[in-house]
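My questions will all concern the structure given below.
The values are calculated or read from the model by the stated rules, or taken from the named source; none is laboratory data. Given the structure is predicted, the values throughout are model-derived calculations rather than measurements. In this analysis, Cβ positions are derived from the backbone assuming ideal geometry, glycine residues included, and neighbour counts consider all displayed protein chains.
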Amino acid sequence: MAENHPKTDQQWREQLTPEQYHVLREKGTERAFTGAYWNTKTPGLYHCAGCGQELFESDMKFDSGCGWPSFSQALEPGRIDEHRDVSHGMIRTEVTCSRCGGHLGHVFNDGPAPTGLRYCINSVSVQLEKKEGAGETSGS
Ligand SMILES: [Zn+2]
């Protein structure tokens, strides 16, 4: 539960794009493989698109093939709240930003070691701040 909830629904509508509002405030889900970050490998920090809290680091991002940005863990404990979600006939664990309560996505237990977790996050819920001096390295 978001203890701090300083913004009204109207303020969120003014601050966020319609897509961000739909996902963050109405718990929507962007289509797989359509988001800005599902295939991004750029080093940097992922901030909450609602309040700017730092949530994930690019080092924790992995290629899950699911079509959404996937992370094996949050930047720090306490950045993300978990909620049991029984919508759509499934039992899942919803994850939200601990500061603004914005819906981010879901966490699953099929991620890589050592956490075994897969935070499946909507691209529109986060904004990537590129690491300073992180050049576009060519090739692999
Ligand atoms: Zn937030």
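Residues to consider are 30, 26; find the one that is charged (D, E, K, R), in contact (Cβ under 8 Å) with a residue 40 or more places away in the chain and surrounded by fewer than 13 Cβ atoms within 10 Å (Cβ to Cβ). Give the steps one after another, and end with the answer.
Working: 30 fails: surrounded by fewer than 13 Cβ atoms within 10 Å (Cβ to Cβ).
Step by step, each of 30, 26 is checked, and only 26 is charged (D, E, K, R), in contact (Cβ under 8 Å) with a residue 40 or more places away in the chain and surrounded by fewer than 13 Cβ atoms within 10 Å (Cβ to Cβ).
OK, next. Would you say residue 100 is over 26 Å from residue 132 (Cα atoms), part of a loop (DSSP other than H, G, I, E, B) and of a type in the set (A, V, I, L, M, F, W, C)? First the steps, then the outcome.
Working: over 26 Å from residue 132 (Cα atoms): yes; part of a loop (DSSP other than H, G, I, E, B): yes; of a type in the set (A, V, I, L, M, F, W, C): yes.
Here the answer is yes, as residue 100 does meet what is asked.
Given the conditions (1) out of contact with any Leu (no Cβ under 9 Å at 6 or more places or on another chain); (2) within 16 Å of the ligand (Cβ to nearest atom), report the number of the one that residue 118 does not fulfil.
Here residue 118 clears every test but (2).
Kindly indicate whether residue 15 is loosely packed, with under 15 Cβ neighbours inside 10 Å, within 16 Å of the ligand (Cβ to nearest atom), more than 14 Å from the chain's Cα centre (by Cα) and at pLDDT 95 or above. Spell out the reasoning first.
Details: loosely packed, with under 15 Cβ neighbours inside 10 Å: yes; within 16 Å of the ligand (Cβ to nearest atom): yes; more than 14 Å from the chain's Cα centre (by Cα): yes; at pLDDT 95 or above: yes.
Taking the combined requirement at face value, the residue satisfies it.
Continuing with the same structure: (1) within 16 Å of the ligand (Cβ to nearest atom); (2) under 14 Å from the mean Cα position of the chain (by Cα): which one isn't true of residue 60, the others all being true?
The number of the failed condition is (1).
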